[in-house]
Amino acid sequence: MRAACLITALVALMTLAASANGQCRVRKELRTLSSSERQVMVRAIKAMRQNGSFARLQQEHTDNLAYAHGNFRFMLWHRAFTMRFEDAFMAAAGGGISGLPFLDLSRDAPNPAGSPVWGEDLMGPVGGCLGAPFAEFTNGGKCVYRGVPSASWGGCAATVVAAAIRTIGEYTEFTQRLESTCHNSVHSSFGDSSALYWVPQAPSDPFFYPFHAGIDYNLAMWQTSNSRADLDLNDKAYFGKSAAQLFAYNEGPGCYTYDRSSPPKPQPDPTSSASTSTSTTTTATTGTATTSGTAAPTPTNDGKGAGNSTTPETWIPEFSELSPKFFSDNMPWMSAEQITGFNRAYKYIIEYLKRLQSSGKSLPMLGDFRSIVGQVKSPMTSGNTPAAAGSAQADKAAGSGAAAATAVSLGVSALLALFLLVSM
């Protein structure tokens, strides 16, 4: 065991030394990997499970739930985190692959369920517990469940991301936009029975890492022409790395670039007839990415950053009651009454956010969620608003207005915890 750890450490040092000598890692798009590279990727991820680094990194993500989600740190923190995964991944691979593969999310945005990445030589199938090649992976003693993506990843469509890159000049706004649209739509699409739906469980699915490398790819694209003036570049809040070091992602130890020299033909983008294929290799100088190749399509824009896409700027799910499996897996202590209140609170939160969006108002960030709870809880427990009519009917159906009001209160409190978990 000690010999194996020593070998792993030596390989890690060799890979870091190579990057320090100007040999940056090259992240290739997942489906462009050769047959031998796919085998190396699978073998390395399995080795990480065996040597404990896979579980360790999952715990690191769990330990930083509030710190790294729903705020300006999101993209840079996950860049640092993905680099840490890549260090362990490359050490476990021992050669045969140039870097951590990334997923070009725009290619699967229209029909993620039909993506070729669900093949047994890449990420394995959807629609149940993980199958080959990662069938032995578990989380908390249970299989890692991955549902079928039930919706498009509209926030990741090429036109939507291109519009955000073109119209958003500050990092803080860009990271908030990408987190609330592209990132959240992917996680939520797998359904609440899936590990990917929940922040603490999501990194137990190997798909998490090519997916987050794909999110980072969008940040690299944004860096080609946008400022970073709204961020403290000396803030070493990312595993000891500063923001300036992370923006200079292709310099120094652990550096990397993105290679898309031979991408597959993209799927049609239903949000725009002007979508075209892209072929790009990303590099950087002095911490700022530069781009060669064909740029992503630039849609017309109405000044709001959404271009000519029909996808809303912030993705809000349609309401559906959370499944019994969700409660048994994540909140087994909840009574039937509390579950009823939780689902009712969830419904009204969704309706409230959709009303805000349809009226053209800005949606609040995670830090403002407590005020949302107050605004939504009040009409659900009083008779002063149209929403209370449905609540009163539900109270009657539950058999006791007082009991149902208690359930709603408990549900709202639990819902705050839920949003802290799923606002990834």
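Where a number appears in this text, it was derived from the coordinates with a stated rule and is not lab data. Predicted model only: the values in this text are computed from it and were never measured. Because the Cβ atoms are built from the backbone with ideal geometry, glycine has one as well, and the counts that use them run over all protein chains shown.
Quick one: grab Rg to one decimal and Dmax as a whole number for the stretch 33-122, Cα atoms only, in Å.
Expressed in Å, the Cα Rg and Dmax of the stretch 33-122 come to 14.7, 39.
Each residue of the stretch 123-128 in order: what ³J(HN,Hα) in whole Hz does its phi give by Karplus 6.51 cos²θ - 1.76 cosθ + 1.60, θ = phi - 60°, with x for Gly and Pro?
Once θ is set to phi - 60°, the couplings for the stretch 123-128 become 9, x, x, 9, x, x Hz.
Using every alpha carbon pair in the stretch 148-271, what percent of pairs falls into each 10 Å bin from 0 up to the bin containing the largest distance?
Bins of 10 Å from zero give 11, 37, 38, 14, 0 percent of pairs.
I need the calculated FRET efficiency for the pair S35 and R355, taking r as the beta carbon distance and R₀ as 60 Å, to the nearest 0.05.
Details: r = 51 Å, r/R0 = 0.85.
It comes to 0.70.
Once phi is turned into θ = phi - 60°, what whole-Hz ³J(HN,Hα) does the Karplus curve with 6.51, -1.76 and 1.60 give for every residue of the stretch 243-248, x standing for Gly and Pro?
After applying 6.51 cos²θ - 1.76 cosθ + 1.60, I find 4, 4, 5, 6, 5, 8 Hz.
Ranking request for peptides 67-78, 40-51: highest mean number of other beta-carbon atoms within 10 Å first, then the rest in descending order.
Numbers: 67-78: 21.2, 40-51: 18.7.
Packing order, densest peptide first, comes out as 67-78, 40-51.
Using mean Cβ contacts within 10 Å as the protection proxy, how do 162-168, 241-247, 131-137, 177-183 order, highest first? Don't skip to the answer; put the middle values down first.
Numbers: 162-168: 21.7, 241-247: 19.6, 131-137: 16.1, 177-183: 24.3.
Listed from highest to lowest mean packing, they are 177-183, 162-168, 241-247, 131-137.
At R0 = 25 Å, how high is the FRET efficiency between S323 and E173 if r is their beta carbon distance? Nearest 0.05 is fine. Each step should come with its number before you reach the end.
Numbers: r = 35 Å, r/R0 = 1.39.
Given R0 = 25 Å and the Cβ-Cβ separation, E is 0.10.
Using only Cα atoms, locate the centre of the stretch 134-212 and the centre of the stretch 240-258, then give the distance between them in Å, rounded to an integer.
23 Å
Which whole-Hz ³J(HN,Hα) couplings does the stretch 207-215 yield from phi under the Karplus relation 6.51 cos²θ - 1.76 cosθ + 1.60, θ = phi - 60°, glycine and proline marked x?
Along the stretch 207-215, the couplings run 4, 3, 7, x, 4, 6, 5, x, 4 Hz.
Mind ranking 203-212, 111-120, 85-94 by how tightly packed they are, going by the mean number of other C-beta atoms within 10 angstrom, highest first? It would help to have the intermediate numbers written out before the result.
Details: 203-212: 23.9, 111-120: 16.6, 85-94: 21.9.
Going from most to least packed, we get 203-212, 85-94, 111-120.
Run the simple label-point estimate for A244 and E120 please: 7 Å along Cα→C-beta, distance reported in nm.
According to this spin-label approximation, the distance is 5.2 nm.
Report, please, the projected area of the stretch 187-249 averaged over directions, based on the convex hull of its C-alpha atoms, in nm². Don't skip to the end; give the middle numbers.
Numbers: hull surface 22.0 nm².
Spelled out: convex hull of the Cα atoms, projected over all directions, averaged, 5.5 nm².
Between T62 and N111, what is the label-to-label distance in nm when each label sits 7 Å out along the Cα-to-Cβ direction?
Between T62 and N111, the simple spin-label model gives 3.8 nm.
For a quick check: with amide H placed at 1.01 Å from N, whose amide H comes under 5 Å from F102's, ignoring anything fewer than 5 positions away on the same chain?
Counting only residues 5 or more places away or on other chains, the set is K28, E29, L30.
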